[in-house]
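Since the structure comes first, as structure tokens, the remarks are kept for the end.
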Amino acid sequence: ETGVTQSPTHLIKTRGQQVTLRCSSQSGHNTVSWYQQALGQGPQFIFQYYREEENGRGNFPPRFSGLQFPNYSSELNVNALELDDSALYLCASSLRTSGVNEQFFGPGTRLTVL
Amino acid sequence: AQTVTQSQPEMSVQEAETVTLSCTYDTSESDYYLFWYKQPPSRQMILVIRQEAYKQQNATENRFSVNFQKAAKSFSLKISDSQLGDAAMYFCAYRSAGSNYQLIWGAGTKLIIKP
């Protein structure tokens, strides 16, 4: 167990809808990263938040947005859902210091868009 | 841009035998980190082993070890005495040592353990 939790476990939405996924970081961690993992592929970096500010973004459109709260929990919001958004969404928390800054992953949210 | 390539979609090994998973990467950076993660059917990514690029010594964690060849940009994972619980998807990942903390991932290798 990594101490990182995500909710919900599974979610089914229809095209055009909006969705919010939640992540609770490991205690003391100040950084959260979100990844999208399509079936049979490696994860793709969506964005990262450090102390409530976006601190890097992958090749994802603006309809993917996020928030990090003072207690370091986090949300991923996706607007105008498309069929290709169907994937496993992983969050990972870490403590930003000098060094390797190991990321600890949650179990993911499986999103299906119909 | 950095890329990570895992050329083996699937590998199988007899229980108690040794297996090596391959990973190559491309980067122009000199300082970075490399990781192997395991993703069992439960979906949770678990760190298996990591290697700092500035360290010449190959990392070892119990039955898991790596062969890090910086010049060749190769980072293979060796699993000794394979166990049924090792069955999972294995992902190789790269992270710059700079300010960008994102992980760049390979496509994964499915490891099957034969009893």
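What follows is calculated from the coordinates using simple rules that are stated; it is not laboratory data. Everything quoted here is computed from the prediction, not taken from an experiment. Note that we place each Cβ from the backbone using ideal geometry, even for glycine, and neighbour counts take in every protein chain shown.
Filter the trypsin sites (Lys or Arg not before Pro) in the range A:29-114 down to the DSSP loop ones having no more than 16 other Cβ atoms within 10 Å, then list what survives.
Sites meeting the loop and neighbour criteria: A:Arg51, A:Arg63, A:Arg96.
What translational D, rounded to a whole number of µm²/s, comes out for the protein assembly as shown from Stokes-Einstein when the hydrodynamic radius is the Kirkwood one over Cα pairs, at 4 °C and 1.567 mPa s?
Value of D from the Cα-based Kirkwood radius: 71 µm²/s.
Report P(r) for chain B: all Cα-Cα distances, bin width 5 Å, range 0 to the bin holding the largest distance, values in whole percent.
Per 5 Å bin, starting at zero, the Cα-Cα P(r) for chain B comes out as 2, 12, 24, 25, 19, 10, 5, 2, 0 percent.
Can you tally the net charge around B:Ile112? Count Lys and Arg as +1, Asp and Glu as -1, for every other residue whose Cβ sits under 10 Å from the Cβ of B:Ile112. Intermediate values should be presented prior to the final figure.
On the way: positive: B:Lys110, B:Lys114; negative: B:Glu10, B:Asp86.
That sum, taken over residues with Cβ under 10 Å, equals 0.
Relative to the Cα centre, what is the charge dipole magnitude of the range B:12-115, using +1 at the beta carbon of each Lys and Arg, -1 at the beta carbon of each Asp and Glu, and rounding to the nearest 20 debye?
Value, rounded to 20: 120 debye.
Taking +1 at the Cβ of each Lys and Arg and -1 at the Cβ of each Asp and Glu, which of A:Leu88, A:Gly56, A:Val78 sits farthest along the dipole of the range A:1-106 towards its positive end, judged by Cα position relative to the Cα centre?
Projecting each Cα onto the dipole axis, the largest value belongs to A:Val78.
Could you point to the residue in B:Ile113, B:Tyr90, B:Asn62 farthest towards the positive end of chain B's charge dipole, with +1 and -1 charges on the Cβ of Lys/Arg and Asp/Glu respectively?
Going by the Cα projections, it comes out as B:Tyr90.
Taking the Cβ of A:Ile12 as the centre, find all other residues whose Cβ is under 14 Å away and add up their charges (Lys, Arg: +1; Asp, Glu: -1).
Values: positive: A:Lys13, A:Arg15, A:Arg110; negative: A:Asp85.
With Lys, Arg at +1 and Asp, Glu at -1, the net is +2.
For the range B:2-56, with only Lys/Arg (+1) and Asp/Glu (-1) charged at the beta-carbon, what is the dipole magnitude about the Cα centre, in debye rounded to 20?
On the way: 4 positive and 7 negative charges, 42 e Å.
In total the dipole reaches around 200 debye.
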